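One structure is given below, encoded as C-alpha cells.
The values are calculated or read from the model by the stated rules, or taken from the named source; none is laboratory data. Predicted model only: the values in this text are computed from it and were never measured. As a convention, Cβ positions derive from the backbone with ideal geometry for all residues, glycine included, and neighbour counts pool all protein chains shown.
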Amino acid sequence: MSSSSALASPLGDPPPGARALARGITATWWYTVTAVVFIEVFLVFAWALRVLATPVEPAAIVVVGIGGIVWLASTTVLLSAYRHRVENGPGFPWARIAVPLLVAVVYGVAAGLAANSWLFGVMPVAQSVVLLNWQRGVRVRVVGLATLVMIGVAFVDGARGALGGGIPDWIPTLYAIVIPAMSVSSLWWWDVLVTLDRARASEARLAATQERLRIATDVHDLQGHHLQVIALQLELAERLMPRDPDAALGELRAARASVDDARQGTRDLATRFRSVPLGDEVANARDLLSAAGIAVEAEIAPDAGEAPASALGPVIRETTTNVLRHGAGRHARLSFARAGEGWRYEVVNDVDPGALREHAGSGLDGMKRRIAEVGGTLEVRDEGGEFAVVVTVPSRDDADRGGPR
C-alpha cells in the first residue's frame with residue numbers, strides 16, 4: 001500500500017518520503033511491469049516470426065531480435081522513471097528518458113527497414129512515448145493519436161503490399177496497433193492503486209490526528225478544571241491565613257486533595273488510552289503467530305474484554321514472544337476463557353529441543369511475580385514435546401484490589 005517526492009535513482013529505491021508507499025504496493029508494481037514487458041516481448045517475437053517467414057537477409061533477423069531485446073531493456077528504464085515520477089511535475093526528466101527514447105527511434109528505423117514495414121518502424125517509438133509521465137488528460141490524447149498514426153501506417157503498408165493477406169500476417173499488425181492502449185491500461189490500474197494507497201494513508205493520518213486532538217482535549221479539560229480549583233483554594237487559603245489559620249489550613253488540605261484527584265485522573269486517563277481489550281490481545285497474538293507460519297488454534301471467550309488487562313496483557317505478549325523465539329514453529333494453541341470466579345489463559349506450542357532450557361529464564365520469573373501480585377497462579381508444563389504456560393487470575397474486581405495473597 002504519500003506526498004510528491006523527488007526522483008530517485010533510475011533502478012534504485014524511491015526517495016525516503018515514498019518508501020512507505022513503495023513497500024506497501026511493490027508486488028503490484030512488479031505485476032504491472034511484468035504485464036507491460038510481456039506484451040512487448042510477445043510483439044517482438046511475433047514480428048520476428050513474420051520476418052523469418054519472408055526471404056530476408058540474416059542481418060534482418062539479428063536487427064529484429066537483438067535490437068528488440070535492447071529496446072525492451074530501454075522500456076524498463078522508462079517504467080522505472082514512471083514509477084518514481086513527480087506528480088504534476090514540470091516537464092520530463094530528460095536525463096533519464098533521453099537514451100531510452102533514442103534507442104526506440106534507432107530500433108524503429110532499423111527494424112522497420114529490416115521488416116520492410118512502416119508500422120514496425122513507428123511501433124517502438126509510439127510504445128516508448130506512451131510510457132512517459134503524461135498528464136492524465138494529455139496521456140489519453142497521446143494514446144489515441146499514437147493508435148491513429150499506427151492505423152494509418154498499417155494501411156500504407158497494406159497499400160504497398162508489405163502485409164500479407166492471411167490471418168497470421170495480420171496478427172502482428174493488430175497487436176502493434178493495440179499495444180499502446182494495452183500498456184497504458186496496465187499503468188492506469190497502477191495509478192488507481194497508488195491513489196487508493198494514498199487515500200488509505202491519508203485516512204490513517206487523519207484518524208491519528210483526531211485521536212491526538214481528542215487526547216489533548218481530555219487532558220486540557222481534566223487538568224484545567226483541577227488546576228483552576230487548586231488555584232482558587234490556594235488563593236482562599238492565602239486570604240484566610242492572617243485572620244483564620246484553621247480555615248486556611250483546611251483549604252490547603254483541600255488543595256492537596258485536589259492535587260491527588262488530578263494525579264489520579266491523569267493516571268486513569270493514561271490507562272484508558274494505553275489499555276487494549278484482552279480479546280484483542282489474544283487475537284493479535286494469534287495473527288502474529290499465523291504470520292510467522294505457525295498453525296494456530298485459538299479459543300477466545302466472547303466476554304474476554306472483562307478480564308484484567310493490566311495483569312494479563314503483558315503475559316500474553318511475553319508468551320507470544322516465547323513461542324516465536326523458542327518454539328519449533330509448527331503449531332500452537334491459545335485458550336482464554338472464564339475459570340470459575342476468575343480467568344484462565346493457556347498457550348501451548350511445540351518446542352525446539354535446543355531451546356528448552358531458555359524457557360525457565362527471567363521472562364517466566366517476571367510473569368510469575370506479576371501474576372502473584374494480583375493473586376493469580378502461573379503453571380509451566382514441559383511434556384510430550386510441547387511447552388505449556390497456564391495462567392489463572394481472579395476477576396477484574398479482585399485483581400484491582402490486589403486479590404488474595
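Structure summary
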| item | result |
| --- | --- |
| Meets criteria (under 30 Å from residue 379 (Cβ atoms) and assigned to a strand (DSSP E or B)) for residue 323 | no |
| Every pair of residues 6+ apart whose Cβ atoms lie under 6 Å, when the first sits in region 21-49 and is under 18 Å from residue 201 (Cα atoms) while the second is of a type in the set (A, V, I, L, M) and modelled with pLDDT under 80 | 24/1; 25/1 |
| Set 317, 338, 357: member being basic (Lys, Arg), under 30 Å from residue 268 (Cα atoms) and either over 28 Å from the mean Cα position of the chain (by Cα) or modelled with pLDDT under 80 (or both) | 338 |
| From the options 104, 81, 162, residue that is assigned to a helix (DSSP H, G or I) and either modelled with pLDDT under 75 or under 24 Å from residue 51 (Cα atoms) (or both) | 104 |
| Pair list, Cβ < 9 Å and 6+ apart or interchain, from region 171-183 residues that are farther than 25 Å from residue 82 by Cβ to residues that are at pLDDT below 85 and acidic (Asp, Glu) | 173/157 |
| Residue match in region 225-242 (condition: over 40 Å from the mean Cα position of the chain (by Cα) and closer than 30 Å to residue 118 by Cα) | no |
| Only one of 190, 170 that is more than 23 Å from residue 47 (Cβ to Cβ), assigned by TED's automatic domain parsing to the domain that holds residue 117 and aromatic (Phe, Trp, Tyr) | 190 |
| Considering residues of region 184-212 that are within 16 Å of the chain's Cα centre (by Cα) and basic (Lys, Arg) only, the residue farthest from residue 85 (Cα to Cα) | 205 |
